[in-house]
Amino acid sequence: APQAYDHQLTLRVYRELLQVSPRDRELLATLARQYELLGKPDDGLAFLVDWNQRYPGQGALWEMQRLAWNQGADQQAAHYARQYMDRYGPEPDMALRVSRYYWLDDQRERAYADLRNDAARLAYNPALARRLAIMANELGQWQPAMEHYQSLLEQGDDTLADLYQYISLARYYDRD
């Protein structure tokens, strides 16, 4: 079917193959891309939502959040990503993206709390530590901000901007 360049036929074949192995992550990804090739990502998302209800799994949730982000359905994508991370554990890029969405949606405390919980379940990641430091600083949580900047310093992942922020916090909020 893919060699016939008939995307409708290819989609039908992949859907039938999915009946044989309903939780095949690669097949779910291929199916989602096929919907995108057809210009019907909404249909693909609807199919995956239905599929995930019948056969809950990691692959379906991953593709659901990816398709939702790609079509600009950010609230829906953040919801699916949060479901994914709550069930299967956080992933750094996904956690950063969800926190960015909630932060820009003016749910700043939620963005910070969720990212902090996700970071606690992951290995050290400089991007997460930096984002946490910036968020804590902007929320006025000076001590946590200093701790996040300190972790960047200890790991050698600090930048000049990080150092300036850390020095400013230390000068005004932790004189000792």
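The values are calculated or read from the model by the stated rules, or taken from the named source; none is laboratory data. The structure displayed is predicted, hence computed values, not measured ones. Positions of Cβ are backbone-derived with ideal geometry, glycine not excepted, and every protein chain shown enters the neighbour counts. Just so you know, the surface numbers come from the protein's heavy atoms only, side chains and all, with ligands and any DNA or RNA stripped out. Shrake-Rupley method; radii C 1.70, N 1.55, O 1.52, S 1.80 Å.
Observations, loosely collected:
- Looking only at residues of region 68-113 that are among the hydroxyl-bearing types (S, T, Y) and open to solvent by 30 Å² or more (accessible area, probe 1.4 Å), we find that the one that is nearest to A127 (Cα to Cα) is Y101.
- Of all residues making up region 98-120, the number that are polar (S, T, N, Q) and assigned to a helix (DSSP H, G or I): 2
- Residue match in region 36-58 (condition: surrounded by 15 or more Cβ atoms within 10 Å (Cβ to Cβ) and among the small types (G, A, S)): yes
- Only residues that are in a helix (DSSP H, G or I), among the aromatic types (F, W, Y) and open to solvent by 70 Å² or more (accessible area, probe 1.4 Å) were counted in region 122-173, giving 4.
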